[in-house]
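Read-outs: derived from the displayed coordinates by stated rules, not from any lab. All values reported here derive from a predicted model rather than from experimental measurement. With ideal geometry, Cβ positions are generated from the backbone for all residues, glycine too; neighbour counts draw on all protein chains shown.
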Amino acid sequence: MKGISAIFFPFLVSIVFMQALSCKTDGKQPAGGSRFSGGTGAPVRVGIESDWEDVSAGFQHTCGIRKGGSLWCWGRNSEGQAGNGAFENVYAPAEIGEGVAWDGAGLGDYWTCGVAKDNSLWCWGSHVNGSAREDKKTANAVPERLALKSGNLSEIKFLDIAPGDGHVCGLAVGGKIYCWGAPRRLGRSGEEYGKEPAEIDASNVNAPKEFTDLSVGSGPPCGLTGDGRAFCWGRNDFGQTGTGTFSENVDIPTAVLIEDIAGSKIFSRIAAGTFHACAIMDDGAAYCWGKNGNGQLGCGDTSDRAKPVKVAAGGLKGSKEFIVVSAGFSHTCGITKDNLALCWGEVFTGKTCNGYKDPNCLAPITIKIEGAKGESGFRFVSAGTSHSCLIAVGGALYCWGNNEDGRLGTGL
C-alpha cells in the first residue's frame, strides 16, 4: 500500500448492477442510501483534487498519498491513528507528516504505519512498537520514525509495511519479511508476543526465498516471491491461508495451493483481508479463499474455501483480466484491465442483490461513474472494513459506505 479544501463538489457515482451468475438487483435504492448512519450508498467524490496516487481504506479511518508524496489521513482518531496531532475525528483529508516524502501507508485497527521514499519506517496511533498502547497517554498522535533492528543487524530499511490486528509485517529491502506483535501472526513457530521485529521462518519457501509483495489483514499475512509463488500464515479457522485445511493456525509461511487452478499458476498480486484473501494470476484471473459468508469470494455461493476458487466475472461486460484486487472484511473489490471497478460480497452500496433484500452480491457487480466530466474509469481500489475508496484514471478520489467518524472524507 502505499488538509484538503473545505469546499467540496461531490460527483455522485451510480452503481450499475449487471447480472453475473446469481447476483442481480431489484433496482430500488433504499432510503438513506446505506444501512450505516451518515453513510452513502453511491460513492461520492472526496474534495476537488485530481492528483491522488494511492489510498488505503481501513477499519475506521482512511489514508491516501497525493502526487509529490504528501500523505493525508481522515476518519476515526481516538488513538491518534489519523496522525494530525489530536485525538478527535477528522472529517476531511488532512495532511500529516509534512516534510517527509511518502511512498506508502498501511492501516491497522487503531494505528497507522508509513514508509518514506528513503525506506524509513514511521508509525502513529496505538500499537506502534508492536505492544498495545491502551490509552492516549502512551499513543502518539503524529508520525514517529522507528529505527527498528532485528538482533545485531543494522536498521531495517522497508519497501512496504502492512499493519494488521495487533501485528505488523514489513517487506524489507532485499526481500525479507519481518513481523512483530501478536504471536500467531509472526510467521515463526512457538514465538511469544514480539515487541521487536523478527524475520519470518522461510524454511517452507524453496529458493528463491526473496519476497516481492506483502499484504496483511486482521487475519493472515500473505506474501509473493519473485517467481510468483504465494505463501500465507497465521489464523486459519476459515481456510484463509489457502493451504487446504481449516486448522486453527498455520505457524510459518506455507504455500497457497494451486492444484485446482486451471490457467496460469503464477501469482502477480495478493491481498489479505480479515478472514479471506485474494490474488491475481499473471493471466489476469482473480482467485479468492477463506471465509465466504457474505459472498466475498465472488464464486456464486457462500461456502468457505480452504483453497483458491476463481472469481466468477464471466457474466460481466468488458475485460475479465484483473490488475488490482483488494480484500476487506466482508467484501472484495478489483480493477480490470480496461479500468472497470468491480466489487462483490457485502458491497455497502445500499442496493440489493440476488433478487431479494440481500446486501450480499455472490459475484462481481460493476461500478461506473456518471456525470463526472473527463473520467474514463478507475485505476485503483481499496476495500476497508465497511467502506471502500476508488481512484479514477484521472486522479480523482471517490469513497462510499459507512461514514461513521468521517472515514469517507466528505467533510460530514
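For the pair VAL142 and ALA101 in one chain, pulling the backbone fully straight at 0.36 nm per residue adds 13.2 nm over the alpha carbon distance. Listed from fewest to most Cβ neighbours within 10 Å, the set ASP301, ASP165, ASP103 follows the order ASP301, ASP165, ASP103.
The slack in the chain from LYS149 to ASP358, taken as 0.36 nm per residue of separation less the alpha-carbon distance, amounts to 70.4 nm. May I ask which of LYS265/LYS307; LYS317/LYS368; LYS176/LYS209; LYS209/LYS307; LYS317/LYS337 have a Cα-Cα span longer than 18 Å here? Over 18 Å apart, Cα to Cα: LYS209/LYS307. Annotation: peptides 78-89, 210-221, ranked by per-residue average of other Cβ atoms within 10 Å with the highest first, follow the order 210-221, 78-89. Using only Cα coordinates, the Kirkwood hydrodynamic radius of the range 256-301 works out to 11.1 Å. Residue by residue, the range 87-92 carries 3J(HN,Hα) couplings of 10, 10, 4, 10, 9, 8 Hz when phi is fed to the Karplus relation 6.51 cos²θ - 1.76 cosθ + 1.60 (θ = phi - 60°); x denotes Gly or Pro.
Mind checking the full-extension length gain between VAL393 and ILE48? Use 0.36 nm per residue of separation minus the Cα-Cα distance, one decimal, nm. Could the numbers behind the result be given before it?
Details: separation 345, 0.36 × 345 = 124.20 nm, distance 1.46 nm.
Length difference between fully extended and current span is 122.7 nm.
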